[in-house]
1. I need the Kirkwood Rh of region 139-225: take the reciprocal of the average 1/r across all distinct C-alpha pairs and report it in angstrom.
2. Treating only the Cβ of Lys, Arg, Asp and Glu as charged (+1, +1, -1, -1), what charge dipole size does the chain show about its Cα centre? Round to the nearest 20 debye.
3. In Å³ and rounded to a whole number, note down the convex hull volume per residue for the Cα atoms of region 6-120.
4. Once P(r) over Cα pairs in 10 Å bins from 0, in percent is worked out from the coordinates, which option in (i) 5, 17, 26, 25, 14, 8, 3, 1, 0, 0, 0; (ii) 6, 26, 29, 20, 13, 5, 1, 0; (iii) 6, 27, 32, 24, 9, 1, 0 does it equal?
5. In region 161-268, which chymotrypsin sites (Phe, Trp or Tyr not before Pro) fall in coil by DSSP and have 10 or fewer other Cβ atoms within 10 Å?
6. Which shape class applies to region 225-272: rounded if a/c is under 1.5, otherwise prolate when a/b exceeds b/c and oblate if not, where a ≥ b ≥ c are the square roots of the Cα gyration tensor eigenvalues?
7. Identify which of Lys139, Lys42, Lys222 has the largest mean-square fluctuation in a Gaussian network model of the chain, with springs joining Cα atoms closer than 10 Å.
8. List the lysines whose Cα lies under 25 Å from the Cα of Lys269, skipping any in the same chain that are fewer than 8 positions away.
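The values are calculated or read from the model by the stated rules, or taken from the named source; none is laboratory data. In this text, all values refer to a predicted model and were calculated from it rather than measured experimentally. FYI the Cβ positions are ideal-geometry reconstructions off the backbone, even for glycines, and counts take in every protein chain you see. With ligands, DNA and RNA removed, areas are computed over all heavy atoms of the protein, side chains included. Shrake-Rupley method; radii C 1.70, N 1.55, O 1.52, S 1.80 Å.
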Amino acid sequence: LNNIRAIICDLEPHQVHTFYEAVGYMISAQTDDVAQKRLIEKYMSLPNEVWDNIIQRATANLSVLEDPECIKQLGNVLKTNVRACSAVGHAFVNQLARLYLDMLNVYKCLSENISNAVMLGGELVTKQPLVAGMRTIKKETLKLLSCWVSKCQDTGMIREHFLPPLLDAILVDYQRNVPQAREPEVLSTVTAIVDKLEGQATPDVPTIMEALFQCTLEMLNKDLEEFPEHRLLFFRMLQSFTTHCFPALLQIPAETFKLFMDAVVWAFKHTM
C-alpha cells in the first residue's frame, strides 16, 4: 500500500481494477476491525483523491460533469470501487459511506444531463460517447450499491440509512426517462435489496412497484424480444417481491395487481 502509486502508474484501467480486487482479498483477511479500517482508508486513498477533486470542482461548477475526461475518470473510480467492494465485503461500508451522498447527487445530475440531451437530440443521443459515459457512471453506481448490499451483514443499516436516499435518487429518474435511457441495473439493485432485506422491505414494495412496474411492462409487452436485459431482470424482481414481500402485493391497487398476475402469466409465453 505504501508503493501503490508506483505499482499502478503504468497499468491500463482494467488492470488497475484487477489489482484493487486482488489487494481487497488480502485486506478482507485482516481480522482486526480497527487495522482493517485503516488499511481500507490507505488502499482507497488514490481513487478518493480523484473523486474528491472532481466533486469539489463540480460543486463550484456543474458543467464539470459534462466534461468527457471527468466523466471517464469518474467511471474508472467507480469501477475500482466495485472491484474493491466485491473483494473486501461488508467492511467496505466506511468507504461507501464516504462516497454515498455525493455519488447519488452525481447520479441525479447526470440523469438530468441525459434527459436534456435526449430532449434536444432524440433517443439516438444515448449512443453518443459522452452520454454513454454518463450512463456508465450510473450503471457502476448501481453495481457498487448492489455489490455492497449483497455483502452487508447489517440489514438494519441498509433499511435505515442507505435505502431512503437511494430510492429517492433512482425511482423517479427511471420512471421519467425514455425507455432507451432506463438502466436495467435499477431493477437488479432493487432485487438485491429485497433479497437481502426480505420481509423488512415489504413497506417499500408498493412505492417501488408504482415507479417501476407499469413503465417497464410497457417496454416489454410489445413483443417477446426487445430490451432482453430489462426483461430478465424485471421478472427476477417480481419473483423477489413474491418470495419475500407477498403481503405488499395485496396492498397495491387492484388494477395493478391484475397486471402483475397478467405479467406472470405472460412470462410463461417466453422461450429461450
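1. Details: mean 1/r = 0.0739 Å⁻¹.
Across region 139-225, the inverse of the average 1/r is 13.5 Å.
2. Dipole magnitude for the chain comes out near 280 debye.
3. For region 6-120, the hull spanned by Cα atoms encloses 112 Å³ per residue.
4. The calculated read-out lines up with (iii).
5. Phe268
6. Here region 225-272 falls in the prolate category.
7. Lys222
8. Lys222, Lys258
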